[in-house]
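J.: Sharing a structure with you now.
The values are calculated or read from the model by the stated rules, or taken from the named source; none is laboratory data. Computed from a predicted model, the values in this text were never measured in an experiment. So basically every Cβ, Gly included, is an ideal-geometry build from the backbone, and we count neighbours across all protein chains shown. Note: areas computed on protein heavy atoms with side chains; ligands, DNA, RNA excluded. Shrake-Rupley method; radii C 1.70, N 1.55, O 1.52, S 1.80 Å.
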Amino acid sequence: MESGGETVTQLQQWSVEDRVFRMYNLFANIPPIAQTTMLELQRDEHIKYLNEGLKQLGPSFVVLDSSRPWICYWIIHSMALLGESLDYQLENNAIDFLNRCQDPNGGYGGGPGQMPHLATTYAAVNSIVTLGGQIALSSINRDKLYNFLLRMKDPGGPFRMHDAGEIDVRACYTAISVASLLNILDDELVRGVGNFILSCQTYEGGIAGEPGSEAHGGYTFCGLATMILINEVNLLDLAGLIDWVIFRQGVECGFQGRVNKLVDGCYSFWQGGVLALLQRIDLVTGECLPLFDSGEEDRDSPGNSTSEGEDTDGTSSEADKTCHFKNGDQQDASCSVNYTSSSHARSLGNVEMEPLFHSLALQQYILLCSQLENGGFRDKPGKPRDFYHTCYCLSGLSVCQHSCSKDYDSPPVPQEVLGPYSNLLEPVNPLFNIVLKQYREAREFFSRC
């Protein structure tokens, strides 16, 4: 393959592919019972790893001193996805710490006494909502937080991350997400946000952090989620956005964040979440928007027929479900959704589209390439585990498992969960990336305030 004129980008890509395909080939050539073991979510090990992180962090974490609410969110949200609650003392300690990060004039800083910042405000609020309960939820000073959001709003409409900070799509999302979650979103906060995000959608179809920059998976999620929350999603070029995102799922079965970049486990949520939002937009908004006409799902009920790759005894090998193991075939195990476009008819057409991403393939990458046996998840093979990738790999895994459910209260059928059904995680509201049960509790609490 190498001829002497390869670029650094090519060499790095080939190196990653080699690591990933060696793991897939190993998986493909072991007995089915061993395949099931390899695909098992190491739930107990993940919980142990996460609990230890909440109790004590090593000296290397000093570089994240201004991101401590993020560490809380990554760990607490991961625990919630696994269906695990914190013990009483840890929960109280977390609530107390986050309360000390709350600025007297509104918003949350990266630690006690640090300046308030929209990113750490988002992380702190999501952490508190995930902890749930009267004590945690009532600790948020919504009036002062609203005033903080107003101070961060630029006269042109978008938001700054902090006083005199940068204006970008991430700031818009964190501000609008927090305001929506806390039931303080109003016309003044929404004003001009949609126009700014529209100016960040690039010729590629994805969304950049600011006008003139390159489309990026994280900003695309932030932009789309914000446009849904402010009810302006129909203004985006959704056909172009879909085209850009679906081509970010590569031969490794995971997602990359940008064109010509390497696969990264965290984009299982940032990119997978975009496609989950688009596939199920009627569920996350509570109404079916005119742009999206979700038809009947074209999916056989369990046991009604024998699908391709299924043995005559009604069981199928785990290798048959995944993307590299049947002479290169990528068996489609996702649901079909009708997308009828009124304003983008020329681009999307009045046709039934294929599933927007390969859910089982993405689950394969997360479980075989990102998961570590001793707990935690990583970016890609060869990288160390960390709490950030653990959070977003688990979030992406949940999105995959529940992406075809008819509603958020309906558990997915076994064919949609790669590996043993015990791998099933709690469902999230993908707009906020909060476990659905905790999201509902918070909405009910703040709707009474």
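J.: Residue 215 passes all but one of (1) surrounded by fewer than 16 Cβ atoms within 10 Å (Cβ to Cβ); (2) touching an Asp or Glu at 6+ places or on another chain (Cβ under 6 Å); which number fails?
T.: Answer for residue 215: the failing condition is (1).
J.: For segment 417-441, which residues satisfy the criterion of being in a helix (DSSP H, G or I) and either open to solvent by 10 Å² or more (accessible area, probe 1.4 Å) or within 25 Å of residue 218 (Cα to Cα) (or both)?
T.: 421, 422, 436, 437, 438, 439, 440, 441, listed by residue number.
J.: Here's a check for you: in segment 261-287, which residue that is modelled with pLDDT of 95 or more and open to solvent by 10 Å² or more (accessible area, probe 1.4 Å) is nearest to residue 201 (Cα to Cα)?
T.: Out of the qualifying residues, it is 270.
J.: Output the residues belonging to segment 400-415 that are in contact with a helix residue (DSSP H, G or I) (Cβ under 7 Å, 6 or more places away or on another chain) and either basic (Lys, Arg) or open to solvent by 10 Å² or more (accessible area, probe 1.4 Å) (or both).
T.: Listed by number, the residues that qualify are 407, 408, 414.
J.: Still on this structure, please answer the following. May I ask you to verify whether residue 182 is surrounded by fewer than 21 Cβ atoms within 10 Å (Cβ to Cβ), of a type in the set (A, V, I, L, M, F, W, C) and touching a Leu at 6+ places or on another chain (Cβ under 8 Å)?
T.: No; evaluated as a whole, the condition is false for this residue.
J.: While we're here: Of the residues that make up segment 32-43, is at least one more than 20 Å from residue 374 (Cα to Cα), open to solvent by 20 Å² or more (accessible area, probe 1.4 Å), part of a helix (DSSP H, G or I) and free of Cβ contacts under 8 Å to residues at least 12 places away in the same chain?
T.: Looking for residues that are more than 20 Å from residue 374 (Cα to Cα), open to solvent by 20 Å² or more (accessible area, probe 1.4 Å), part of a helix (DSSP H, G or I) and free of Cβ contacts under 8 Å to residues at least 12 places away in the same chain, one finds at least one in segment 32-43, hence yes.
J.: Additional query: I'm checking my understanding of the structure. Among residues of segment 185-229 that are of a type in the set (A, V, I, L, M) and in a loop (DSSP other than H, G, I, E, B), which one is farthest from residue 243 (Cα to Cα)?
T.: By that ranking, first place goes to 185.
J.: Could you grab the pairs with beta carbons closer than 7 Å, sequence gap of 6+ or different chains, first residue in segment 177-190 and touching a residue at least 12 places away in the same chain (Cβ under 8 Å), second one surrounded by 21 or more Cβ atoms within 10 Å (Cβ to Cβ) and of a type in the set (S, T, N, Q)?
T.: Matching pairs, first to second residue: 178/121.
J.: Cβ contacts < 7 Å: first residue among the charged types (D, E, K, R), restricted to segment 85-109; second residue in a helix (DSSP H, G or I), any location; separation 6+ or different chain. Result?
T.: From residues that are among the charged types (D, E, K, R), the pairs are 91/131.
J.: Restricted to segment 51-97, and to residues that are of a type in the set (S, T, N, Q), farther than 23 Å from residue 161 by Cα and part of a helix (DSSP H, G or I), which residue is modelled with the lowest pLDDT?
T.: Here the answer is 60.
J.: Looking at this structure, is residue 368 under 24 Å from residue 132 (Cβ atoms), modelled with pLDDT of 95 or more and not hydroxyl-bearing (Ser, Thr, Tyr)?
T.: no
J.: Consider residue 258 carefully, then state whether it is surrounded by 21 or more Cβ atoms within 10 Å (Cβ to Cβ), modelled with pLDDT of 95 or more, within 30 Å of residue 371 (Cα to Cα) and basic (Lys, Arg).
T.: The answer is no for residue 258.
J.: Still on this structure, I have one more. So which residues in segment 169-179 are open to solvent by less than 10 Å² (accessible area, probe 1.4 Å) and not aromatic (Phe, Trp, Tyr)?
T.: 169, 171, 172, 174, 175, 176, 177, 178, 179, listed by residue number.
J.: Restricting the search to segment 45-69, which residues are touching a residue at least 60 places away in the same chain (Cβ under 8 Å) and either on the phi > 0 side of the Ramachandran plot or not aliphatic (A, V, I, L, M) (or both)?
T.: 45, 46, 48, 49, 53
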